[in-house]
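See structure below.
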Amino acid sequence: MDRLSAMQVFVRVVESGSFSAVARERSTTQSTISKQIAALEDYLGVKLLSRSTRALSLTEGGERYFEEARRLVAELGAAEELVRSGTRQLTGWLRVATSVGYGRRVLMPRVTAFLEANPAVKIDLNLNDGFIDLIESGIDLAIRLGDLSDSSLIARRIGSSRRLLLCARSYAERIGVTLPELGQPQDMKHHNCIGYTELPTNNSWEFVGPDGGAVPVRIAGNLQSNSSEAIRAAALAGMGICYVPDWLFAPEIASGEMVVLLPHWTTKLIPITAVVPAHRRNVAKIEALISFLTP
């Protein structure tokens, strides 16, 4: 038995919660992965995993072994990356996660440029507007928008954005108004507003006026969604006013297809943060990608 390989397999099985997922990662069979774990348990003389038809769970001995095994595997990976980065190109897979809209509109062009500069690197890009557990999903790097909750993740600020109040020129033409005709946030009560259900303030949009004071405004409309891409499509179709990050409509704002309303009002900064699991810190290709994404 290759103890190191078995340890690496065990760590990934626990992180992913699935024998089949690890088998796919390693281009092998679920039976092979199961045999490696069984051989490791025989060698240690300890049962590491309890298996049922629905889930995997660590035994008491498995919990103790997992923490040390994960640390050792991470340290070995970091050491290998350090040596490789000094002697040859960065290489291997990187699993990266972010939201759908940001991934499509902002991250993909940068990832493409990074891969062109580092042809031996491969990226598995996970786009999801819901919460992703980096450890459980085996993610190396996530780009998160907004304030972060306390966690054990290693975080580095790589940028920021602001929300803008926007509508399509076609919306204004349909309802017969001259843009920009809003004078203050409260004027939105006369308009159809497209709501984003993942916004922490829900159906309250917050602005900062010319005097620096915060003004929350409750909005209403006939459409809301948890998807920034759905909101983008609805706004472009002229269905109403949206309150979105500046990057979501950057080309359309530049072309004039989308109009910025309340230009003398602003909103608070939205941090854009790269987060990495603690056991993946100092991995050369992760550090290289973060540096590449940082203006």
Report summary line: Across the stretch 139-157, the tally of residues that are in contact with a Pro (Cβ under 9 Å, 6 or more places away or on another chain), assigned to a strand (DSSP E or B) and of a type in the set (V, I, T) stands at 1
**Report entry** Given (1) farther than 21 Å from G101 by Cβ; (2) at pLDDT below 90, index of the condition N202 fails
**Finding:** (1)
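Matching residues to (1) assigned by TED's automatic domain parsing to the domain that holds D147; (2) assigned to a strand (DSSP E or B); (3) closer than 14 Å to Y243 by Cβ:
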| site | (1), (2), (3) |
| --- | --- |
| G183 | no, no, no |
| I194 | no, yes, yes |
| N202 | no, no, yes |
| W205 | no, yes, yes |
| P210 | no, no, no |
| V215 | no, yes, yes |
| A220 | no, no, yes |
| Q224 | no, yes, yes |
**Report entry** Test: S160 is hydroxyl-bearing (S, T, Y) and either under 14 Å from the mean Cα position of the chain (by Cα) or in a strand (DSSP E or B) (or both)
**Finding:** yes
Query - Number of the exception - Q89 against (1) modelled with pLDDT under 80; (2) touching a Pro at 6+ places or on another chain (Cβ under 8 Å); (3) farther than 26 Å from H279 by Cα - result: (3)
Query raised in the report: If K122 satisfies every condition in (1) outside any helix (DSSP H, G or I); (2) without any contact (Cβ under 8 Å) to a residue 24 or more places away in the chain but one, which is the exception?
Result: (2)
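Does V244 count as under 30 Å from T91 (Cα atoms), surrounded by 18 or more Cβ atoms within 10 Å (Cβ to Cβ) and either modelled with pLDDT of 95 or more or of a type outside the set (F, W, Y) (or both)?
Taking the combined requirement at face value, the residue does not satisfy it.
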Query raised in the report: How many of the residues making up the stretch 258-295 are closer than 20 Å to C167 by Cα and within 18 Å of the chain's Cα centre (by Cα)?
Result: 0
Query raised in the report: Is it the case that the stretch 275-294 has a residue that's modelled with pLDDT of 90 or more, closer than 18 Å to I143 by Cα, surrounded by 18 or more Cβ atoms within 10 Å (Cβ to Cβ) and polar (S, T, N, Q)?
Result: no
Query raised in the report: Quick one: would you say A155 is surrounded by 14 or more Cβ atoms within 10 Å (Cβ to Cβ), more than 30 Å from T294 (Cβ to Cβ) and either among the small types (G, A, S) or under 26 Å from the mean Cα position of the chain (by Cα) (or both)?
Result: no
Report summary line: Going through (1) of a type outside the set (D, E, K, R); (2) at pLDDT 85 or above; (3) buried (at least 16 other Cβ atoms within 10 Å of the Cβ) one by one, A220 fails only at (3)
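The values are calculated or read from the model by the stated rules, or taken from the named source; none is laboratory data. In this text the structure is predicted, and so the values were computed from the model without any measurement. All Cβ positions, even for glycine, are placed from backbone atoms using ideal geometry, and neighbour counts span all protein chains on display.
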